[in-house]
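So the structure is just underneath, and the comments pick up after that.
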Amino acid sequence: MFGLLDTDSTVCVLPYRVGLELGASWEEQTIPLKLKGNLANFESRALLITAHIGGFIPVSLAFAWTNAKNAPLILGQTNFFMTFDVCFYRSQNEFETKAR
């Protein structure tokens, strides 16, 4: 699974199909969230998942699970960047992720 690191995104966004693949039930998620930008017209709901990222220990990540069909997986400020430190090395076209 690939995702976008978005330092300007307030929340993490989970595409609808990915939530289903992880076994989540749309009907069981009762906390609505309002997204902005190109996802503003789509319904989204809060979803907490345990994520296995690289070789790090599993962490709980909060997502805005959207029913937009073509939404990308977005890792944003709440709570990916609150859980991991990400250092960008633009001149080398690389980045490094560290657990806090």
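Each value in this text was obtained by applying a stated rule to the coordinates, not by laboratory testing. Model, not experiment: these values are computed from the prediction. When we count neighbours, we look across all protein chains shown, and the Cβ atoms used for this are built from the backbone with ideal geometry, even at glycine.
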The chain, relative contact order in percent, only Cα pairs under 8 angstrom and at least six apart counted: 37 percent
Footprinting proxy, I31, I74: sorted fewest to most Cβ within 10 Å, the residues are I31, I74
Out of the chymotrypsin sites (Phe, Trp or Tyr not before Pro) in the range 1-75, which ones are loop residues according to DSSP with at most 12 other C-beta atoms within 10 Å? F2
Restrict the search to the range 5-59; then list the trypsin sites (Lys or Arg not before Pro) that DSSP places in a loop and that have at most 13 other Cβ atoms within 10 Å of their Cβ. K34, K36
Which value results for Rg/Rh of the chain when Rg is the Cα radius of gyration and Rh the Kirkwood radius based on the inverse mean 1/r? 0.97
Residues C87, C12 in order from fewest to most other beta-carbon atoms within 10 Å are C87, C12
Determine the percent antiparallel among the DSSP beta bridges restricted to the chain, to the nearest 5. 75 percent
